[in-house]
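Trainee: One structure is given below, represented as structure tokens, and several questions about it will come after.
The values are calculated or read from the model by the stated rules, or taken from the named source; none is laboratory data. The shown structure was predicted, so the numbers you read here are calculated from the model rather than taken from an experiment. As a convention, Cβ positions derive from the backbone with ideal geometry for all residues, glycine included, and neighbour counts pool all protein chains shown. Heads up: the accessible areas ignore ligands, DNA and RNA and are worked out on the full protein's heavy atoms, side chains in. Shrake-Rupley method; radii C 1.70, N 1.55, O 1.52, S 1.80 Å.
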Amino acid sequence: MPARLRAAELRTDMERATGSAAEIDEYPTHLRVSVPAPVGEEIWQALLGVLASADRWGSSDASGQVRVWASVTSETAPLASAPPSPTTRPRRGAGLPGRGQR
């Protein structure tokens, strides 16, 4: 299934699960759908069921609001060969030594 169709399906399913409007962002390597983080276990369970169909998922508070996102890889720009997005930032703590490393 093309990435745009998968992202549209994710958007619909995430909106139904949370009752919140979803946003789709396009990057060179993937499409990302996000919704505000839900409140309540029942809504989280419904959302987790939807997230399982994505290629990747996670959360971010970079906008000042915690948002849960799911992404699907673009079929036209494989993840390994595309340049990084100018909006991509390293994860917090990336490159820092872990416990027991100095």
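Trainee: Scan (1) open to solvent by 30 Å² or more (accessible area, probe 1.4 Å); (2) assigned to a strand (DSSP E or B) for the single condition residue 65 breaks and write down its number.
Mentor: (2)
Trainee: Sort through 17, 21, 46 and tell me the only one that's open to solvent by 60 Å² or more (accessible area, probe 1.4 Å), farther than 20 Å from residue 2 by Cβ, small (Gly, Ala, Ser) and in contact with a helix residue (DSSP H, G or I) (Cβ under 7 Å, 6 or more places away or on another chain).
Mentor: Values: 17 fails: open to solvent by 60 Å² or more (accessible area, probe 1.4 Å); 46 fails: open to solvent by 60 Å² or more (accessible area, probe 1.4 Å).
It is 21.
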